[in-house]
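Working notes for the structure below.
The values are calculated or read from the model by the stated rules, or taken from the named source; none is laboratory data. The structure displayed is predicted, hence computed values, not measured ones. Cβ placement follows ideal geometry from the backbone for every residue including glycine, while neighbour counts extend to all protein chains displayed. Keep in mind that these areas ignore ligands, DNA and RNA; they rest on the heavy atoms of the full protein, side chains included. Shrake-Rupley method; radii C 1.70, N 1.55, O 1.52, S 1.80 Å.
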Amino acid sequence: MSQVTEYSEKVMDHFSNPRNVGEMENPSGVGTVGNAKCGDIMRMYLDIDENQVVRDAKFKTFGCGAAIATSSMATELVKGKTIADAMEVTNQAVMEALGGLPPVKVHCSLLAQEAIHAALWDYSQKNDVVIEGLKAPVNDIEETEEYYQTPGE
Ligand code: FES
């Protein structure tokens, strides 16, 4: 992919109209990851059926526009996929689907990949399922609700 210096229309679209925003009651897997440098946080919820197909995905992102666009696209890409195929939704795949990201924003797409993996890891732990190529999340953060409160609340 050639170097992108500004936001594509797709990035702007997913930033302005993010898909699948919200929480999920009783998710099959949930993962929260953060980037210590920028302080952005992403939480991903997955609903996975008995055939190991992702039925639904939702997210909550407390972060920059690119992080919102990448989490929105990531949820769209994993929906309807098997767990194995969801593992292929890498940050590269998310960036490509968005028409690229400026270099300084690549880490935002990495957060989306890590959030998917953290949610899949949670699912694998709860259901005693081994997911090939999946490692325990490194940037998993404490699951406290504080992060999601508006300052001053
Ligand atoms: Fe950190 Fe975008 S600036 S996730």
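Entry comment: accessible area of the range 58-137 is 41 Å² per residue, from protein heavy atoms only and a probe of 1.4 Å.
Radius of gyration (Cα atoms) of the range 55-132, expressed as a multiple of 2.2 N^0.38 Å: 1.07.
Could you work out the local net charge near Lys81, counting Lys and Arg as +1, Asp and Glu as -1, over the other residues with Cβ closer than 11 Å to its Cβ?
Details: positive: Arg55, Lys79; negative: Glu76, Asp85, Glu88.
Surrounding charge for Lys81 is -1.
Translational diffusion of the range 1-101, estimated by Stokes-Einstein from the Kirkwood radius over alpha carbon pairs at 10 °C in a medium of 1.306 mPa s, is 114 µm² per second. Applied to the range 104-115, the Karplus parametrisation 6.51 cos²θ - 1.76 cosθ + 1.60 on θ = phi - 60° returns per-residue 3J(HN,Hα) values of 5, 10, 4, 5, 5, 6, 5, 4, 5, 4, 5, 5 Hz, with x for Gly and Pro. Ignoring any ligand, DNA or RNA, what whole percent of the accessible area of the range 39-141 comes from carbon and sulfur when the probe is 1.4 angstrom? Roughly 50 percent, rounded to a whole number.
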